[in-house]
Structures are given as structure tokens and as C-alpha cells.
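In what follows, a single structure is set out as C-alpha cells and then discussed.
A short reminder: the numbers here are calculations on the coordinates, not readings from a lab. Nothing here was measured: the structure is a model prediction, and the numbers come from that model. So basically every Cβ, Gly included, is an ideal-geometry build from the backbone, and we count neighbours across all protein chains shown.
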Amino acid sequence: MRAARDRTMRSTRSRDAPGFAVRCLAADILESVLYRRRALDEILDSTTELATLAERDRALTRALVAIVLRRLGTLRHVLSLFLDRGLPRQAPRVETALLFGAAQILFLKVPDHAAVDLAVRLAQADPCAAGFAGLINAVLRRLAREGAARLASIDTADLDTPEWLMTRWTAAYGAVTARAIAAANRNEPALDLTVKSDPEAWAKKLGGRVLATQSVRVNASGAVSTLPGFAEGAWWVQDAAASLPARLLGDVRGRRVVDLCAAPGGKTAQLALAGASVTAVDRAPARLKRLRDNLARLGLSAEIVAADVEQWTAGPFDAVLLDAPCSSTGTIRRHPDVPWLKTADDVAKLSALQRRLFDRAAALTKPGGTLVYCTCSLEPQENEMIVADLLVRETCLQRAPINAAEIFGCREFISKDGDLRTLPCHFSDSDSRFAGVDGFYAVRLVKSQ
């Protein structure tokens with residue numbers, strides 16, 4: 001009974017420590033990603049405890065989880081240098097506490113003593129991990145003394161990307177580019193906005209800069225909804241690379257265009273703003289609600305259809321845009337959980353779905369019409385190989401290579417086949433906060449008359 005009382009008192013003291021609530025919530029979220037394989041955005045959207053925190057603490061919670069996921073391989077490697085034995089499987093919070101402590105010591109501006117203390121308290125509050133509090137204290141204190149020097153002596157370029165992904169990227173892009181992609185993915189990205197008009201004025205108002213793609217890049221903190229222009233619908237959030245595929249349809253004014261797998265609606269908004277008669281199709285009601293809300297805020301309209309694209313029959317349309325579900329390996333900058341959730345098997349399964357959706361998109365395209373297929377994947381199995389297979393089966397479709405003028409002169413974004421291919425390491429900048437874009441692929445096809 002006395003031991004139980006001591007544990008209860010120790011846990012209560014831990015909960016009273018400043019910053020403990022944030023670390024505890026961040027620990028729960030991280031473990032949901034790593035051990036229960038839940039997507040980070042899904043967790044953040046559904047975690048009610050986040051709503052009770054101040055904006056600063058919500059941002060800190062996400063930042064703590066994100067830095068651990070971005071540098072997970074490096075953190076695990078460095079910690080292993082200070083551990084004589086492996087970590088206890090029955091107490092996952094031991095590793096979680098060590099990861100958060102190490103991340104704060106090595107990468108965040110948190111005083112060493114505070115990082116160590118909070119990590120220890122995190123373990124003490126967990127019945128399975130409490131017995132390892134002394135180990136956590138010892139490891140992190142030693143890491144605080146020696147960790148920076150150890151880290152400086154290690155080539156960490158490949159550590160934070162799973163081996164299966166580095167192998168694929170090396171085969172597809174070469175070793176140098178693969179390492180550049182991996183390095184770019186470790187940086188927290190800025191916020192990209194597609195503005196309705198006058199990007200220079202909005203960049204000045206928001207303290208950002210205008211990119212070559214005419215997106216406005218902002219190094220903003222806090223809730224997006226508090227930024228100037230949000231409430232009046234002057235812009236929407238959209239990565240610079242994600243804004244390019246819709247442009248490949250050309251002048252869509254007055255044309256019937258269908259946006260397949262459309263939610264959350266950035267490309268639908270582009271097409272509507274350009275004067276197209278847009279039909280937006282997606283099968284997820286929750287995502288379609290977000291699309292409706294976005295269009296309402298922007299003062300734009302489109303026909304919205306809740307349907308499975310594989311089963312949906314309509315058209316034919318003058319132009320078809322298919323942003324197919326994919327492994328999302330091009331968006332690791334913004335979604336650092338992706339490398340730890342996806343596998344090579346997922347790529348194979350998704351490529352089968354993409355083939356079926358591509359066939360459907362081709363059927364929805366009228367003779368003489370244009371079809372753009374795109375994904376935010378870096379994997380050729382989801383992109384070039386899909387296109388090559390379709391062109392063999394559908395002889396009525398021909399590739400229409402893009403030219404640099406269509407994408408604001410960004411020649412580095414054009415593949416040898418004339419397709420769009422952006423990489424996370426594109427848009428280099430001395431300030432890492434303003435560097436990089438999502439990895440996107442897009443091909444434009446024309447259907448014969």
C-alpha cells in the first residue's frame with residue numbers, strides 16, 4: 001500500500017510540472033503513430049485534449065512530435081550509443097521519454113535540465129516505465145554532455161529515411177539526389193498559399209515572399225485562420241508544387257472539367273477561379289465537407305459529388321484531373337509520419353488502385369479532351385510505370401509534353417519525357433525555412449478525336 005501511495009504521489013507531482021501536460025499529450029500522439037500506425041493528421045484532428053490547450057501549447061505539442069518523427073533514425077542511433085542494452089518492450093514510454101528528451105537537447109532550444117527533468121517525469125507517470133526513470137535520467141544527462149559531439153561525428157544523411165525508401169530513391173534519382181531529398185525532408189516547411197490575385201501585395205502583407213510558381217510562401221506560426229486574408233477568402237493553403245497540375249489543363253474558361261479524388265479542394269478552387277464549370281468528386285464525406293467549407297470561404301462554386309470514382313459514370317468531360325490516392329512519399333516535409341507508416345507493400349497495393357482510377361479517368365475524357373494524372377508520390381511505380389502501362393492499353397491517348405512557360409519557367413521541374421516532376425530538394429534556399437517543395441508528378445494526355 002505504501003509503495004502504491006508513493007507512486008501516486010510521484011505521478012501527481014509529475015503532472016504538476018510546467019510543460020508536463022504538453023509532453024504527455026505529445027507522447028500519446030507519438031506512440032499512436034509509431035505503435036498503432038495512425039496518421040498524424042488524423043490524430044491531431046481527433047484529439048480533443050488539443051482543443052483545451054492554448055495556441056502556443058498546441059503548436060509545441062505538434063512541434064515535439066514532428067521533430068522526433070523527422071529525426072527518428074538519428075535520435076535512435078545517438079541514444080543507442082549511450083545504452084548498454086536494448087529498451088524494454090513492455091514499456092514503450094521509456095523510448096518515448098528518451099526520444100523527446102534527446103530531441104529537445106539536440107535540436108530544440110530547451111534547456112538541458114528541463115528536457116531531462118520532463119523526460120524523467122514522463123516515465124514516472126507511467127506505471128510500466130516508472131522503474132526506468134533512473135536509466136532515463138542517466139542516459140539523457142550523459143547525452144547532454146556528449147551528444148552534440150557524437151552527433152557531429154556521424155553522417156546522418158541516410159538515418160532518418162527508412163532503408164526501403166532510400167533504396168528506391170537511389171534507383172530512381174541517383175545517390176546524390178536521394179540524399180538531397182532525405183535532407184530536405186528533415187526541414188520544417190513554410191506555409192504556401194495560392195492567392196486569388198496580386199501575390200506581391202499579399203506577400204508584403206503576410207511578411208512572405210512570392211515564389212516562381214506565384215505561390216506566396218509564409219513562415220507563419222499559429223492558426224492559419226488568424227492570418228490576414230483567410231476570413232475574406234483571399235487565398236487558400238496549397239503547396240507550390242500541388243498548384244501546378246491544374247495549370248496543365250490550359251485555358252479552362254467555360255469548359256466542363258471534373259476533378260477526381262478532389263478533396264480537400266485546392267485544385268477544384270484553382271479550376272473554379274479560372275472560370276471552369278467544375279464537378280468535384282470524392283468518396284469521403286468528411287473530406288467533402290472540408291471541400292465545401294473551403295469553397296464557401298473562397299466564394300467559389302462547383303458541383304460536388306460524393307461517389308466512388310471507380311463506380312461513377314458521367315460525362316464525358318472536356319478535361320479530367322485525377323489526383324490519385326498514393327503513398328504520399330513526396331509530402332514527407334509536411335507529413336513526417338509517412339516514412340514510418342508506409343511500406344513497399346503499400347506502394348504495390350496503391351499502384352493497382354491507381355491503374356483502375358486512371359482507366360476510369362480515361363473513360364470520362366471526351367475525344368479531343370485533356371487528361372492530367374498526378375500524385376504526390378516520388379515512386380515511379382505509382383507514376384511513370386502507371387502511365388507507360390496505360391499508354392500501351394489505351395492507344396487513343398497520347399502524351400502532350402509540357403513546356404517551361406506553362407510552369408513559370410521552372411525547367412528543372414520537367415522530366416525527360418516532358419512530364420512534371422518536382423522534388424523536395426527543389427527550390428533551394430540559404431534559409432531552410434523557405435526551401436523545398438512537395439514531390440509531385442503529373443502527366444498530360446490528349447484523347448484522339
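Placing unit charges on the Cβ atoms only, positive for Lys and Arg and negative for Asp and Glu, gives the chain a dipole magnitude near 880 debye about its Cα centre.
In terms of the Cα gyration tensor, with a ≥ b ≥ c the square roots of its eigenvalues, is segment 15-126 rounded because a/c is under 1.5, prolate because a/b exceeds b/c, or oblate? Prolate. Excluding same-chain neighbours fewer than eight residues apart, the lysines reachable from residue 205 by a Cα-Cα span under 18 Å are 196.
Would segment 294-390 count as rounded, prolate or oblate if I go by the C-alpha gyration tensor, calling it rounded below 1.5 in a/c and otherwise prolate when a/b exceeds b/c, oblate otherwise? Since a/c reaches 1.5 but b/c is at least a/b, the shape of segment 294-390 is classed as oblate.
Within straight-line reach of residue 447, meaning a Cα separation under 27 Å, sit the following lysines at least 8 residues removed in sequence or on another chain: 267, 366, 416. When the square roots of the Cα gyration tensor eigenvalues are ordered a ≥ b ≥ c, the ratio a/c for the chain is 1.5 or more and a/b exceeds b/c, which makes its shape prolate.
Put in order of Cβ neighbour count within 10 Å, fewest first, the listed residues 406, 55 become 55, 406. For residue 414, the residues whose amide H sits under 5 Å from its own are 421, ignoring neighbours fewer than 5 places away on the same chain, with H placed 1.01 Å from N.
Ranked by how many other Cβ atoms sit within 10 Å of their own Cβ, fewest first, the residues 35, 441, 173 fall in the order 35, 173, 441.
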